[in-house]
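The values are calculated or read from the model by the stated rules, or taken from the named source; none is laboratory data. Not measured: the values here are computed from a predicted model. Cβ: placed from backbone, ideal geometry, glycine included. Neighbour counts: every protein chain shown. Heavy atoms of the whole protein, side chains included, go into the accessibility calculation; ligands, DNA and RNA do not. Shrake-Rupley method; radii C 1.70, N 1.55, O 1.52, S 1.80 Å.
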Amino acid sequence: MRKKAAALLALSIALGGIFPVSTFASETTTSAPILFNAEGLSKQDVVKAFLQSKVQATMTKLADPGEQFKIVSDESDSTTGTYHVRTIEQYKGIPIYGSGQTVALDANNNVYALIGKVTQNLARTLIPTEASLSPEDAIGIAKQGVEAQIGEVKNYDGIDSKLMIYPFKGKYHLTYLVKASTSHPAPGYFHYFIDANSGEVVNSFNKIHGIDETALTPVTGRGLDLHGTMQSFPVGKDLATGTSYLHGASILGSKSVPISTFSAQRMEEFVYMLGAIFGFTGYEVSTKNSTNFFYDPAAISAHFNSDKVNRYYQVIHKRNSLDNNGMKLINTVHIGVKWNNAGWNGKQMMYGDGDGIKYNSLAGGLDVAGHEMTHGVIEHSADLIYENESGALNESLADILGNFAEMYATSEVEWELGEDITTPNIPGDGGLRSMSNPASKKTSLTESGYYPDHYEDRYLGTEDNGGVHINSGINNKAAYLISQGGTNNDITVTGIGKSKTEKIYYRALTLYLTPSSGFHDMREAAIHAARDLHPDKNGAPSPETQAVMDAYSSVGVN
């Protein structure tokens, strides 16, 4: 067993999770194998029939063969002629938390890829489906739990509940999943699983990550960012009062994504509730300067960076904001007192000021913004559970795509993460994590004191939600090798460059990975994505697909 591992950075606050996943997809041949064919059926019927075929025969079958599987999204890819479906499993119409599959069909309706675990014997399982507790009661119980942890919450940024079946410690529980977002007195994105009959808290975890905007006139704001650079950015102006606010839009062609940036002012007593449409608590950032000059460098950096990252997703991946449906981008700066962190809380990006010793203001890192915003993309696609291997992939993909966003905006190719916000008194010390050499970074959580860069060396403890930040280095190293190439553990990888690599990872995330995907699923998803974009020729894998295979083999994911 090799002994390397490395530094923990909580660039987004803890999420949570349940069970591991297996995959039925295979790479035993050099071209994508045909897993299922059903002539004469619609694409959705093919998907349901195929998934049902993976359920072992039981004494009792569900009345409707498709009842166990619900299609939640589908997408046709005109470039490759493929069709991609994302499903969840359900029991008598109630969704099962953490379940999910991605299924891919070729142009002839043949199934060639399945990633995700199919639950067996669900039809013979007795799970209660009638709730005696109301959703309001469940929210009240969750509020008690949240406030026992962080103190009285005068205004929740958002709170809702949904009836779900929750697999936990070998049992299925009928629960309300209550999600609560907070900014004050502490940032959080709390998830509570409340037994829908007894009111017991089955499990819980923290997943952190007044102006009428329509009346504002779009203008260009200016100001110095945290690096002392003069920036221009979209803002809104109240012509009647002469006041400009950090409400603008990231515009590219016909796509317009709203951006709002606020200040928590270190969470002083009075907190202004901006309203449910914003989904958070904070103060307006404004100026009466006639030239729309703003004076808050942290707010300017967050506002400017979110525009740059959104443009990356718009231009490179044709994605319309984090949810691919034009959702508003919300930033809040000056969270807490010397808070050494940044996070995505399900509704917004949140940035601490740092303590001036370990970190500067985290709003100053373009790759930090890319990381947090990518957590939003992940939540609206694969929604990887924030625990163990799926959590490590969640962190890694936020690193990978966040770093690619920085490269796009700056035209500089570098593989350090958070280099602009770490150890402000030690210039040139690198960054928080290294994608090119993960094991160069230290952490106190492993025996060796370093990040792992090989699957055999992964951290298996319970800290850091099962090593979500620590083990991210394994997948980060694979991504670096796919892009840049190199020899790792005696395996030579021929790099394919940034442009091809970023599209492979985005496609793997949005079309193939599921909530419970692990490292082996990541390999399969990346191979399928590479094959889609760069098909095999003459029975041999394309150079792009070969690079993916070699890179993952070199980090021990075979």
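Long-range amide H contacts for ILE259: which residues qualify at under 5 Å (H placed 1.01 Å from N, peptide plane, sequence gap of 5 or more or a different chain)?
Distant-sequence amide H within range of ILE259: GLY248, ALA249, SER250, LEU329.
Which whole-number percent is the relative contact order of the range 280-337 (Cα, under 8 Å, 6+ apart)?
So the answer I get is 27 percent.
Taking R0 as 30 Å, what's the FRET efficiency between SER204 and SER134 from their Cβ-Cβ distance, rounded to 0.05?
0.95
Given contacts defined as C-alpha pairs under 8 Å and at least six residues apart, what's the relative contact order of the range 400-558, whole-number percent?
The normalised contact order for the range 400-558 reaches 19 percent.
Along Cα→Cβ, 7 Å out, is where each label goes; now give me the distance between the ones at ASN197 and GLN149 in nm to one decimal.
About 2.7 nm separates the two model spin labels.
What's the center-to-center distance, using Cα atoms, between the range 104-179 and the range 182-204 in Å?
12
Compare the Cα positions of GLY428, SER472, SER78 along the charge dipole of the chain (+1 at Cβ of Lys, Arg; -1 at Cβ of Asp, Glu; about the Cα centre) and return the one farthest towards the positive end.
SER78
Would you kindly find the accessible area of TYR552, with a 1.4 Å probe and non-protein molecules such as ligands, DNA and RNA excluded, rounding to the nearest 10 Å²?
Accessible area, nearest 10 Å²: 0 Å².
Could you pull the accessible area for VAL72 with a 1.4 Å probe, rounded to 10 Å²?
For VAL72, the solvent-accessible surface is approximately 80 Å².
Points 7 angstrom from Cα along the Cβ direction at SER256 and LYS162: gap in nanometres?
Result for the modelled spin labels: 3.0 nm.
Taking R0 as 51 Å, what FRET efficiency do you get between SER232 and SER444 from their Cβ-Cβ distance, rounded to the nearest 0.05?
According to the calculation, E is roughly 0.75.
Considering the zone a paramagnetic label at ASN489 would reach in this model (a point 7 Å from Cα along the Cα-to-Cβ line), which residues of the range 510-554 have amide N under 19 Å from it?
518-527, 546-554
Give me log10 I(q)/I(0) at q = 0.11 Å⁻¹ for the chain, Debye formula, one equal scatterer per alpha-carbon, no solvent.
The computed values of log10 I(q)/I(0) come out as -1.02.
Just to be sure I understand the model, the point goes 7 Å from the Cα along the line to the Cβ. What's the resulting ALA215 to LEU41 distance in nm?
Here the modelled spin labels are 5.7 nm apart.
Residue-wise, which Karplus ³J(HN,Hα) couplings in Hz belong to the range 284-297, taking 6.51 cos²θ - 1.76 cosθ + 1.60, θ = phi - 60°, and x for glycine or proline?
Per-residue couplings from phi come out as 5, 9, 9, 8, 9, 4, 5, 9, 6, 8, 9, 10, 10, x Hz.
Ignoring ligands, DNA and RNA, please state the percent of accessible area on the chain from carbon and sulfur, probe 1.4 Å.
Carbon plus sulfur share of accessible area: 50 percent.
Restricting to DSSP H runs of at least four residues, report the calculated mean residue ellipticity at 222 nm for the chain, -39500 (n - 2.57) per run over all residues, nearest 500 deg cm²/dmol.
-8000 deg cm²/dmol
Report ³J(HN,Hα) in whole Hz for each residue of the range 121-135, in order, from the Karplus equation J = 6.51 cos²θ - 1.76 cosθ + 1.60 where θ = phi - 60°; Gly and Pro get x.
Per residue, the Karplus-derived 3J(HN,Hα) values read 6, 5, 5, 9, 8, 9, 10, x, 10, 9, 9, 8, 8, 8, x Hz.
Whole-Hz Karplus ³J(HN,Hα) for the range 217-231, in order, using 6.51 cos²θ - 1.76 cosθ + 1.60 and θ = phi - 60°, x for Gly and Pro?
9, x, 9, 9, x, 9, x, 8, 7, 5, 9, x, 9, 6, 10
Size of the dipole of the chain about the Cα centre, Lys and Arg at +1 and Asp and Glu at -1 on the beta carbon, nothing else charged, in debye to 20?
In debye, rounded to 20, the chain gives about 560.
Near the amide H of SER73, under 5 Å away, which other amide H atoms are found, from residues 5 or more places off or on another chain, if H is placed in the peptide plane?
ARG86
How far is the Cα center of the range 427-504 from the Cα center of the range 508-524, in Å?
The range 427-504 and the range 508-524 have Cα centres spaced 17 Å from each other.
With r defined as the distance between the Cβ atoms of GLN120 and ASP355 and R0 fixed at 51 Å, what FRET efficiency is calculated, to the nearest 0.05?
0.50
Counting only residues 5 or more places away or on other chains, whose amide H sits under 5 Å from the amide H of THR243 once H atoms are built in the peptide plane?
ASP238
Which whole-number percent is the relative contact order of the range 408-461 (Cα, under 8 Å, 6+ apart)?
Relative CO of the range 408-461 lands at 23 percent.
Where only protein heavy atoms count, and the probe is 1.4 Å, what is the accessible area per residue for the chain in Å²?
The answer is 39 Å² per residue.
Going highest first, how would you order 194-201, 328-335 by mean Cβ packing within 10 Å?
Answer by packing, highest mean first, reads 328-335, 194-201.
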